[in-house]
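All remarks here apply to the structure that follows.
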Ligand SMILES: C[S@@+](CC[C@H](N)C(=O)[O-])C[C@H]1O[C@@H](n2cnc3c(N)ncnc32)[C@H](O)[C@@H]1O
């Protein structure tokens, strides 16, 4: 009982660390990416396992996407999933609203001819036009598939709804959305404890995230149903999945956060 309660002694430290994060989310994310020194299994980025294991687990579901269409990786960060998707689609276009993330993704993807990147706030009113221009610059026009990992759970309810609405014209009649998000069923203290934080120590990539970024929420079936309403979207399938982090508790094995995935298509009215 006492040991179960001990994690709550973390609260003052969490409050102290997170109070230094910029309040504006774009400022926070851009500053975060500008400070990243290295990525992958030994890097600074909590959600970058440096492995293709998680993406390989999604491949049977991604096989339901039209493989002749490009895929747009929304909120691509340093592009680790964009690069993996570029092996399976004719083009993988990574989009992020942090210019520092896009710059880093471009550098890490040098030489990959089927990957391209652009800055885009996917919640902004002109987002669909920005996507169309970026696809055009890469030699594509028309419908595209969409891949989203670990982005919707960092947005508020309005942001999630705006992002989903902006995706309707991107996927059109032929594309699909595949999303995979963390769906941790507990408090922020439970979440950071799950990832190895104790009163005495916090794994460095987790501490970086707590210090620099807004506190994440969760994204599961309930949040998906609100953001992707049945009037606009057909749910093809959904379920539980595992989001892999950079190895934290063991030097070589990624840690795992309970997650949620869904595959959706735009409902065609008429
Ligand atoms: C947790 S990271 C995930 C990065 C990447 N999808 C991955 O799994 O490696 C969330 C990313 O979403 C981006 N992001 C947040 N809000 C966004 C928005 N409105 N439009 C585009 N990107 C956004 C952040 O800049 C950040 O790079």
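Values quoted throughout were computed directly from the atomic coordinates according to the rules given, and no laboratory measurement underlies them. This is a predicted model, so every value here is computed, not measured. Using ideal geometry, Cβ is built from the backbone for each residue, glycine included, and neighbour counts are taken over all protein chains shown.
Some points to look at:
- Mean-position separation - Cα centroids, the stretch 136-165 and the stretch 13-36, in angstrom: 23
- Volume per residue that the Cα convex hull of the stretch 188-256 spans, once the total is divided by residue count, Å³: 116
- Over the stretch 1-151, the reciprocal of the mean inverse Cα-Cα separation, the Kirkwood hydrodynamic radius, stands at 16.9 Å.
- Put in line by how crowded their Cβ is, counting other Cβ atoms within 10 Å and starting with the fewest, 241, 198, 130, 68 read 68, 198, 130, 241.
- The relative contact order of the chain comes to 23 percent, based on Cα pairs under 8 Å that sit 6 or more residues apart.
- The stretch 89-248: C-alpha gyration tensor shape, a/c 1.5 cut-off, then a/b vs b/c: oblate
- Against the chain, whose longest principal axis is taken from its Cα atoms, helix 127-137 shows a tilt of about 70°.
- Cβ-based exposure ranking for 13, 160, in which fewest neighbours within 10 Å come first: 13, 160
- Cα-Cα separations in the stretch 114-159 greater than 11 Å, expressed as whole percent: 73
- Helix 25-35 vs. the chain, principal-axis angle (Cα, 0 to 90°, nearest 10): 80
- Sequence ranges 205-214, 221-230, ranked by mean other-Cβ count within 10 angstrom, highest first: 205-214, 221-230
- Arranged from fewest to most other beta-carbon atoms within 10 Å of their beta carbon, 163, 215 become 215, 163.
- Kirkwood Rh (inverse of mean 1/r, distinct Cα pairs), the chain, angstrom: 18.9
- Considering only the chain, percent of DSSP beta bridges that pair antiparallel, nearest 5: 50
- Gap separating the Cα centres of the stretch 90-111 and the stretch 168-198, nearest whole Å: 21
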